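See below for the structure under consideration.
What follows draws every value from the coordinates through simple rules; no lab data is involved. All of these numbers come straight from a predicted model, not from anything done at the bench.
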Amino acid sequence: MRERTDQLRKAGPAAVRASPAAAFLARRGRGLLIALVAAAFMTAVGALGSYSMPLPVRAAYWFSLMLIGAACGEVASTLVERGGWMEEHPFLRGLAIAAGLTVPVTVIVWAMTTFVFEGSRPSLPRLLWLAAPTFLITSAMTALNYATERRPRETHAAPEGAAPPRFLDRLPAKLRGAAVFAVEAEDHYLRLHTSKGQDLILMRLADAVTELEGVEGAQTHRSWWVARSAVADARRGDGRATLILQDGAEVPVSRTYAKALREAGWF
């Protein structure tokens, strides 16, 4: 197992040394940064009539809204991607996320504007009026996030002397000591592709990828994570790419991630 770990460290270009916590922050930090930049812009221009507010109040208003919206966006994105909806159609997936965000964010905007800043009574027509500009803003924010995030979720080789990836402790007894080639989502289970064969465990793919930090690899599709050293060959056809693993398994590459993986030299 030690020899296999050394091989994984040497495979491919030099890997970024990252802990699971750092990987999580890297994934979420981009969305947070976009929300903060958008809040600063909205504050500066006094968007949606907020220019009449004093600057400190306007800043508090927009920064609060954008941070709440970012949190709602994370929930909406997780729900849509967990269901595997429209994996090959990022535009429709983004539209679904923006539409799902519009309802709760519109209510939040309406409540903050009505009760906090205007002190007026709630009005259904005003709530409906806010829906259109809120949808435009959530669509723009979703588009920005997708434009800057169209990369596969990656794991990185561990630094010398680091503890083995936590995921290895989850391997069934018959697979202990095996090299993990790939992890495939099947409903609520994960199919493990290893040098000692296959087996199923009950776990979410997103959690598995987090625990696989320490092995160089990437999520090639919503249902697959692959170790880079496990790729034996690749095939392209009909505008799609397929990775062939050492055990003969064929792994689809999502169009969403194809460009980034190709540029990284995966195929």
(request) Would you work out if segment 110-267 is rounded, prolate or oblate? Take a ≥ b ≥ c from the square roots of the eigenvalues of the alpha-carbon gyration tensor; rounded if a/c is under 1.5, else prolate when a/b is larger than b/c, oblate otherwise. (result) prolate
(request) Just check segment 188-267 against the gyration tensor rule for me: Cα atoms, a ≥ b ≥ c as the square roots of the eigenvalues, rounded for a/c under 1.5, and otherwise prolate or oblate depending on whether a/b exceeds b/c. (result) prolate
